[in-house]
Every structure is written in structure tokens, then in C-alpha cells.
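Undergrad: I'd like to ask some things about the structure below.
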Amino acid sequence: MKTVTHWIGGKPFEDLAGASGIWGAVTDPATGAVTAQVAMAGAGEVDAAVAAAKEAYAGWRTSSLARRIAILFRYRELLDARRDDLAALITAEQGKVHADALAEVARGLEIVELACGLGMALKGDTSTEVSSHIDVASIRQPLGVIVGISPFNFPAMISMWMFPMAIACGNTFIHKPSSKAPSASILLAELAAEAGVPDGVLNIVHGDEVAVNALLDHPDVAAVSFVGSTPVARHVYTRASAAGKRVQALGGAKNHMLVLPDADLDAAADAAVTAAYGSAGQRCMAVSVVVAVGSAGDALVSRIAERATKVKIGPGNDPTSEMGPLVTKAHRDDVARYVAGAADQGADVVLDGRDFTVEGLENGHWMGITLLDKVSTGSDAYRNEIFGPVLCVVRAETYEEAMRIINGSPYGNAGSIFTRDGGAARRFQLEVETGMVGVNVPMPVPVGYHTFGGWKDSAFGDHRMYGSDAVHFYTRGKVITSRWPDPTETTTGPDLGFPTSR
């Protein structure tokens, strides 16, 4: 059986004296079979990773920006050459189809490329002669040891959203990936070492809440970046902030797609199916609620149902598959319970995926496409993040009623509107209480040079992912005021007054 261990100090961690001796199981979602065991970190492994990162920081923080960027350029080329290998690991452990896994790698590469051009973002500002012979300069410096904690649904992309920007800024990094899909992170670390990233600059520690809490509490960790569910994001933010660390913690979502009666309903139905069922609904940007206004409702639901029944579900390594299984059996069972509960709470079950299976792979974590209509906003299926191939349709009579529904959600990750009315679209983008907005775009994931993140219970902390926010999160500002008097000047003696700029 394959063994996945930690990556500490530029190599696999094999210190038996410092190991917890605890292992977790990694399964193939398409078959349900255990395919690997992953080492689960305790205090010993966490201490070793932090020590390696702290030691490496002393040299890495003072290395030239030119050297860091050159390494990242080599890293980008290695990742590009191995994108199929990365995608195969994602499919084997997360379950998404290969094309979707390749797209994940491509979006991660986008942030590596952003990090390769970080020179412009890291340059400071200088003002000369703000007073007689006095200059003021603003610079940004790295923080130290950074921790990144990422979820199972994007084992490569979210990792690449974090550490390339962090190390480009001069920090060192400890990544704690999901133990459900750990192998992609190890390949990312191996390729970083091949590109020339020094030992200890990038470390990988696997584990559960024991490892997470040890990292959050460790006095030598300066900042924590997190993506996951809202309850865990809140815990990470609260605990790490209490320990004096800078924190960005992105939580869950219940993304709404508002469809007005004037919308192109065929385009809206295509978008709803794509955004709700891609990656089996296991993404924080998935559309999980369609709010249909007035006469759009019946026609839209029938179009969505027609398209959804044609989606080919199967193992991710089958090139004909369009949607794969869920990540674990336990998660699949949780999703099924939400569907059962929705029916009990008054929803119309238009499509029910609970009995779906794939011939010959009956032990896989299969959940078919599910469509729930006339869902109550008080029901469990509406209020909670299901994170599966379940789309809820909520009815509203007017735009104003629809906005009350959308803005009444505790989540504020993303929202989109489908309409031909430019005035309605403009009003929506100003009024909707979400951090990301789509206009006739169902999943408004920003490009790398903008920032990614939501509002309300979808994000904790003042900084979002990548873009300019990443530079501000992974560095801290310093302002330097200097005076170099002309050699011909004579001193005037002490002046106890408050300094002025004259």
C-alpha cells in the first residue's frame, strides 16, 4: 500500500522518534477502496516543521528578489510539464474528473505566474525633501513562518493560492493539506525542491485537528491562511488571533443565482447545471441556490431538469465522465440525508440522486444529480452548506423579495444575476451582500491579479486570497524617515517641540 508522509526540511520526514505513529486512510472515491495510508502529525512533527521553516527563514528573507523569482519561474515550468501527473493524483484521491482536475491545476498555475511578477507589487515608495534634508520611504518586509491549511476539494489549486505568494514575499511556509487527498501536496513540494526552493522554505505536514491546533498555537508561527468550512474557519480565526497571529480564514458558502423573467432561460439553465453539478458540487463557488423570480420559475426548472439528466456520471479517470463521486462515504451519506430532509420539509424533489450507482463500482461514493424545487428558506437544505450535487430552487415574486432572501443568508461568498436588463444588473451588483458578484456569470472566480473572498460568515479576517491582498497579508509595512544634513550645515541645538514638516 502507498504511504504518504510529511515533507520537512526538503525531504520526506522519517524521524521515527519524533513521529506520532498515527496513520489515516486514503480512499479512491470511485471504488471505495483504501489506496494509501497518510501519516498524521502530532506535536513532534509540527515542532520539526516549524523549526525547519524558522531556520530556513533566516537565509530566505535576505535572499534577493531576483533569486526568488528565478526559482519560481523554474517552478512554473516544472508544474506545467507535470500537470497531467498532478491531475491524476487529484482524480485518484478527490474523485473529480480528469478535465476538471486539469482545470484546477491551470488555475493554481495562474497564481504561480502572479508570484513570478511580484517585483512590481513589492517595490516601496519614497518621498524626498518632505522637510529640510529629510526623506521618507515605505517598504514591505516578510512576516516569518506562515501556515496554510487547505481543504480536500482543490488539493493543488488552493495550495498554490497560498505558498507561491508567501515564499515570493520572503516567508517560509508550512502547508497542512487535507488528509483525504494528500498526495498532490507532496508532488508540489518535490517539484519546488527540484526548482531550487531551499530546504525548509516549503514544508508539508499532514494531520487532523491535533496538527491544526498545534500549528495555530505555535509561538514561532507568524500568520495562518485557511480555506474550509465556516465552523472551522471561525475556530482557526479565533484561536490563531488569540495567539497573536495574522489570520485570513475563508469559510463556507451558499451561493445564490438570481434569475429574472427577462433572462435567457436556456443560458441560465446551462449555467445552473454547470455551476451546481461540476466537481459534484464540492466547491465553495458552486451555485447551490437558484432564486427564480415570477414567471421564470417553471420554465427554468424544466430546462435545468432536462439538462441535468444528460450529465454522464462515472469515475474520474473515464474520459467520458462529466461528474465524479463524492470524496468519502460519510460525506455522501450526509448529502443524502439533506435530500431526505428537504422532502420531509416540503420541497418538491424533481430529481433524486440518492439511489444512483455505477455498475461494477457499487462501493464508490456515488450521489446522482439532485434538483429540489420550491425549497423553503427555513429548511435545512437551504440553510446549510450541503457541498454535493444538490441544487435548491427558491421562488420569489419580485426582485425585491429575491434580494431579501439572498441578503438574508448568513453566507456572503458569491452571488450572480441572470438578466438582459443592464439597470437591474447594475442595481444587483451594488446591493448584493457578497464579496464576489457575477453578471450572467454563475461562478465569478476572479483572475489572479484581483482578490478572492467573501463577506459575512464566508470569510474571517481583513485580507482575501491572492491578488494585492496576498502581498499585504504576507508582508508588513515599515516607514523609514531619514535625515542626512548637508556637510556645510551647523547644528542648532536641541528642539523639544513636536517635529513638523517644515
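The values are calculated or read from the model by the stated rules, or taken from the named source; none is laboratory data. In this text the structure is predicted, and so the values were computed from the model without any measurement. Virtual Cβ from ideal backbone geometry, glycine too; neighbours counted across all protein chains shown. Please note that ligands, DNA and RNA were not included when accessible areas were found on the heavy atoms of the full protein model with its side chains. Shrake-Rupley method; radii C 1.70, N 1.55, O 1.52, S 1.80 Å.
Undergrad: Obtain the nm distance between the two label points defined at Ala193 and Thr500 by a simple spin-label model: each point lies 7 Å from its Cα along the Cα-to-C-beta direction.
TA: Taking the two extended label points, one gets 6.3 nm.
Undergrad: At a probe radius of 1.4 Å, what is the per-residue accessible area of Lys54, in Å² to the nearest 10?
TA: Around 110 Å² of this residue is reachable by solvent.
Undergrad: Could you point to the residue in Val447, Trp60, Ser150 farthest towards the positive end of the chain's charge dipole, with +1 and -1 charges on the Cβ of Lys/Arg and Asp/Glu respectively?
TA: Trp60
Undergrad: Ignoring everything except DSSP H segments at least 4 long, calculate the 222 nm mean residue ellipticity for the chain; use -39,500 (n - 2.57) per segment, divide by total residues, nearest 500.
TA: It lands at -11500 deg cm²/dmol.
Undergrad: Now, a different point. Taking R0 as 22 Å, what FRET efficiency do you get between Ala243 and Ala58 from their Cβ-Cβ distance, rounded to the nearest 0.05?
TA: 0.50
Undergrad: Now for a different question. Short version: ³J(HN,Hα) in whole Hz for each residue of segment 287-292, in order, from phi by Karplus 6.51 cos²θ - 1.76 cosθ + 1.60 (θ = phi - 60°), x for Gly and Pro, what are they?
TA: 7, 10, 9, 9, 9, 9
Undergrad: Which number comes out as Rg/Rh for segment 289-362 once both Rg and the Kirkwood Rh are worked out on C-alpha atoms?
TA: In segment 289-362, Rg relative to Rh is 1.01.
Undergrad: Leaving ligands and nucleic acids out of the surface, order Leu430, Leu216 by accessible area at 1.4 Å, largest first.
TA: Leu430, Leu216
Undergrad: Express in Å², to the nearest 10, the accessible area of Ile8 obtained by rolling a 1.4 Å probe over the protein heavy atoms while all chains stay in place.
TA: Per-residue accessible area (Ile8): approximately 10 Å².
Undergrad: Probe radius 1.4 Å, ligands and nucleic acids ignored: give me the carbon and sulfur share of the accessible area of segment 134-207 as a rounded percent.
TA: 51 percent
Undergrad: Going 7 Å from the Cα of Arg420 along its beta-carbon direction, which residues of segment 268-300 have the amide nitrogen within less than 20 Å of the resulting point?
TA: Flagged as within label range: 268-272, 292-300.
Undergrad: Then there is this: Describe numerically, in nm with one decimal, the distance between label points set 7 Å from Cα along Cα→Cβ at Arg476 and at Met1.
TA: My value for the distance between the label points is 4.4 nm.
Undergrad: Further, regarding this structure: Quote the charge dipole size of segment 138-259 about the Cα centre in Debye, to the nearest 20; the model charges only the Cβ of Lys and Arg (+1) and of Asp and Glu (-1).
TA: 520 debye
Undergrad: Given R₀ = 51 Å, FRET efficiency for Asn363-Asp217 by Cβ-Cβ distance, to 0.05?
TA: Given R0 = 51 Å and the Cβ-Cβ separation, E is 0.85.
Undergrad: Right, here's the next one. For segment 193-211 and segment 425-502, what is the separation of their C-alpha centers, rounded to whole Å?
TA: About 29 Å separates the Cα centre of segment 193-211 from the one of segment 425-502.
Undergrad: Using the Karplus equation 6.51 cos²θ - 1.76 cosθ + 1.60 (θ = phi - 60°), what ³J(HN,Hα) coupling, rounded to whole Hz, does each residue of segment 321-333 give in order, writing x for Gly and Pro?
TA: These are the phi-based 3J(HN,Hα) values: 6, 10, 9, x, x, 7, 5, 9, 5, 4, 5, 4, 5 Hz.
Undergrad: Among Lys54/Lys176; Lys254/Lys329; Lys54/Lys180; Lys96/Lys254; Lys180/Lys310, which pairs are too far apart, with a Cα-Cα distance over 24 Å?
TA: Lys54/Lys180; Lys180/Lys310
Undergrad: Once the whole set of protein chains is in place, how much accessible area is left on Tyr338, using a 1.4 Å probe, in Å² to the nearest 10?
TA: My reading of the accessible area for Tyr338 is about 60 Å².
Undergrad: Can you tell me how much longer the chain between Asp135 and Ala340 gets when fully stretched, taken as 0.36 nm per residue apart minus their C-alpha distance, in nm with one decimal?
TA: 67.0 nm
Undergrad: Run the dipole for the chain about the Cα centre, Lys and Arg Cβ at +1, Asp and Glu Cβ at -1, nothing else charged, and hand back the magnitude in debye, nearest 20.
TA: My answer is approximately 780 debye.
Undergrad: In segment 1-60, what percent of the accessible surface is made up of carbon and sulfur (1.4 Å probe, ligands and nucleic acids excluded)?
TA: That share works out to 59 percent.
Undergrad: In Å, what Kirkwood hydrodynamic radius results for segment 224-344 from the alpha-carbon pair distances?
TA: This gives a value of 16.9 Å.
Undergrad: Okay, moving on. About its Cα centre, how strong a charge dipole does segment 395-499 have in debye, to the nearest 20, once Lys and Arg get +1 and Asp and Glu get -1 at the Cβ?
TA: Computed charge dipole of segment 395-499: roughly 300 debye.
Undergrad: Counting only other residues whose beta carbon sits under 14 Å from that of Glu322, what net charge do I get with K and R as +1, D and E as -1?
TA: Result for the neighbourhood of Glu322: +1.
Undergrad: Quick one, can you get me the convex hull of the C-alpha atoms of segment 1-79 expressed as volume per residue in Å³?
TA: Spread over its residues, the Cα hull of segment 1-79 gives 125 Å³ apiece.
Undergrad: Another question, then. Once the Cα atoms of helix 43-60 and of the chain are each reduced to a long axis, what angle between those two axes, in degrees from 0 to 90 to the nearest 10, is obtained?
TA: Here the helix axis deviates by roughly 50 degrees.
Undergrad: First check a/c for segment 30-163, with a ≥ b ≥ c the square roots of the eigenvalues of its C-alpha gyration tensor; if it is under 1.5, answer rounded, and if not, answer prolate when a/b is larger than b/c or oblate otherwise.
TA: It comes out prolate by the Cα gyration axes.
Undergrad: Tell me the per residue accessible area of segment 137-275 using a 1.4 Å probe; a whole number in Å² is fine.
TA: Per residue, segment 137-275 has an accessible area of 25 Å².
Undergrad: Each label point is 7 Å from the Cα along the Cα-to-Cβ direction; what then is the distance between the points at Asp80 and Val445, in nm?
TA: 2.0 nm
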